[in-house]
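Structure first, commentary second.
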Amino acid sequence: MTESRKVYLDYSATTPVRDEVLKEMLPYFTEHFGNASSLYTIGLESKAAIDKAREQVANLIGASPKEIYFTGGGSESDNWVLESIANDMKSKGKGNHIITSRIEHHAVLHTCQFLEKNGYEVTYLDVEKDGTVTPEALEKAIRDDTVLISIMYINNEIGTIEPIRELAEVAHKHGILFHTDAVQAVGNTPIDVKAAGIDMLSMSSHKIYGPKGEGALYVRRGVRIPSFIHGGAQEMGKRAGTENLAGIVGFGKAAELAKQNLENHVRHCSELRDYLVQQIMEKIPDVYLNGPADMSRRHPGNANITFEYIEGESILLLLDSFGIAVSTGSACSSKSLEPSHVLSAIGVPDEMIHGTIRFTVGDFTTKEDIDYTVECLVKVVERLREISSVNSQKGWN
Ligand SMILES: *Cc1c(COP(=O)(O)O)cnc(C)c1O
């Protein structure tokens, strides 16, 4: 290809590390390499850097630093909560029933399926057409032996912002712990764990312009969670292993910047996202927006669109040849042709799911990127629909 333009529209899959974040991290690979458990000066300096990052991450969600445990990312945080709380409650004879939703990330769904194979029962709540989990549906699913409720804050495929405060309220009315996978919400919507009544919350660094392989679990003071990785006394004895020092420092800086930039970030992303949707609707026939129609109830960067009569995989590959990166469904399922479980849950028929593309814009997206994308998309969709109609005339469908 002679095309040299690069447009990245997959910010929900991952984000680039911000320059300010990288700059903050670099000295912690070389100069400040001390083990934070050591008592001499360079060890203590590392410990101080971790303390600072813990405060930065806590500030982003309205928590206290003592309630933040660093982990290896969003998936680990989700696994930790579900497995540890489930085990603990079951061993205490409190019950073995967990409630989650059909549209969770695989880090939650596959952990629940693992637990089901090990003697636990899981209810997967249905959602509304726009992806909302209603407090009524949750309330109906609660049983005497329910020990944990886990509902994501913002869906990673269709962008739905869930009514977290109301859902947590239902959980607490019945004395049940409430966890939320907030990986897509952190840095994209204001979060206050105290006001929302969240007991546990998973977050990830690489979705907020920090490094990959780093994340955190918020555990409200008063909630006892068993340790997940056994070994040394790191992370208040709950998550052993010498800390990913540079990763933690980078995550802290990314969290600080996310808090600082939140308003601008939301405005920038939603303006470009709305423009993208409007342009696609105007220039391409037979397209549908999946997820909430009320844009204020969506992730600010998310547009999930079905292009009728063609395959999302073909759109993705042709856009890639123009230097444009998008995804079909979620990154985890993009290697398989399994229809997205999220789009299935909101009632999109299989053949339409296969024609669906997720676009997610971010801080470095420009209006020119959107114009270029729409221009390429018009050509790509036209070409694919031509092929598809020729094939169906020949009876190849
Ligand atoms: C990306 C993502 C995860 C996984 O986070 P990692 O840090 O990549 O493990 C979990 N949940 C949601 C909603 C996500 O978008």
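The values are calculated or read from the model by the stated rules, or taken from the named source; none is laboratory data. This structure is a prediction, so every number in the text was calculated from the model and none was measured. As a convention, Cβ positions derive from the backbone with ideal geometry for all residues, glycine included, and neighbour counts pool all protein chains shown. We work out accessible area using only protein heavy atoms, side chains counted, and drop any ligands, DNA or RNA first. Shrake-Rupley method; radii C 1.70, N 1.55, O 1.52, S 1.80 Å.
Within segment 351-376, how many residues are touching a strand residue (DSSP E or B) at 6+ places or on another chain (Cβ under 7 Å) and not hydroxyl-bearing (Ser, Thr, Tyr)? It would help to see each step written out before you state the result.
Looking only at segment 351-376, we keep the residues that are touching a strand residue (DSSP E or B) at 6+ places or on another chain (Cβ under 7 Å), and these are 352, 355-360, 369, 372-373, 376.
Add one more test, that the residue is not hydroxyl-bearing (Ser, Thr, Tyr), and what stays is 352, 355, 357-359, 369, 376.
Residues meeting the conditions: 7.
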Consider only pairs whose beta carbons are under 7 Å apart and that are at least six residues apart or on different chains; among these, list those whose first residue lies in segment 201-220 and is of a type in the set (S, T, N, Q) and whose second residue is in a strand (DSSP E or B) and more than 8 Å from the ligand (Cβ to nearest atom). Ser202/Leu217
Can you tell me which of Leu26, Leu82 is of a type in the set (A, V, I, L, M, F, W, C) and in contact with a helix residue (DSSP H, G or I) (Cβ under 6 Å, 6 or more places away or on another chain)? Leu82
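Against the condition of a type in the set (Gly, Ala, Ser) and farther than 23 Å from Lys90 by Cβ, how does Ala168 come out, does it pass? Before the answer, list the steps.
Numbers: of a type in the set (Gly, Ala, Ser): yes; farther than 23 Å from Lys90 by Cβ: no.
The answer is no for Ala168.
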Please tell me if Gly73 is under 30 Å from Phe33 (Cβ atoms) and at pLDDT 95 or above. yes
Only listed residue being under 23 Å from Ala303 (Cβ atoms) and open to solvent by less than 20 Å² (accessible area, probe 1.4 Å), chosen from Val183, Val193: Val183
For segment 153-180, the count of residues that are farther than 10 Å from His299 by Cβ and among the polar types (S, T, N, Q) equals 1
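Yes/no per residue for (1) of a type outside the set (S, T, N, Q); (2) at pLDDT 95 or above; (3) farther than 24 Å from Ile346 by Cβ:
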{"site": "Asn244", "(1), (2), (3)": "no, yes, yes"}
{"site": "Gly250", "(1), (2), (3)": "yes, yes, yes"}
{"site": "Leu257", "(1), (2), (3)": "yes, yes, yes"}
{"site": "Leu262", "(1), (2), (3)": "yes, yes, yes"}
{"site": "Leu276", "(1), (2), (3)": "yes, yes, no"}
{"site": "Pro285", "(1), (2), (3)": "yes, yes, no"}
{"site": "Pro292", "(1), (2), (3)": "yes, yes, no"}
{"site": "Ala303", "(1), (2), (3)": "yes, yes, no"}
{"site": "Leu316", "(1), (2), (3)": "yes, yes, no"}
In segment 9-41, what count of residues is obtained for those that are open to solvent by 80 Å² or more (accessible area, probe 1.4 Å), among the hydroxyl-bearing types (Ser, Thr, Tyr) and within 31 Å of the chain's Cα centre (by Cα)? 0
Of everything in segment 61-91, what is open to solvent by 20 Å² or more (accessible area, probe 1.4 Å) and either in a helix (DSSP H, G or I) or at positive phi (or both)? Give them in sequence order. Gly62, Pro65, Lys66, Ser75, Glu76, Asn79, Glu83, Asn87, Asp88, Met89, Lys90, Ser91
Among helices (runs of 4 or more DSSP H) lying entirely in segment 102-221, which contain 3 or more residues that are within 12 Å of the ligand (Cβ to nearest atom)? 106-116
Looking at segment 285-385, what strands (runs of 3 or more DSSP E) fall wholly within it and have at least 3 residues that are in contact with a Lys or Arg (Cβ under 8 Å, 6 or more places away or on another chain) and surrounded by 18 or more Cβ atoms within 10 Å (Cβ to Cβ)? 302-307
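Tell me which residues, restricted to segment 220-247, are among the β-branched types (Val, Ile, Thr) and touching an Asp or Glu at 6+ places or on another chain (Cβ under 6 Å). Even if it seems obvious, please write down each step before you answer.
Step one: filter segment 220-247 for residues among the β-branched types (Val, Ile, Thr), giving 223, 225, 229, 242.
The one that is among the β-branched types (Val, Ile, Thr) and touching an Asp or Glu at 6+ places or on another chain (Cβ under 6 Å): Val223.
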In segment 239-271, what count of residues is obtained for those that are farther than 14 Å from Asn59 by Cβ, in a helix (DSSP H, G or I) and not polar (S, T, N, Q)? 13
Report yes if Phe359 is aromatic (Phe, Trp, Tyr), under 25 Å from Pro16 (Cα atoms) and within 17 Å of the chain's Cα centre (by Cα), otherwise no. yes
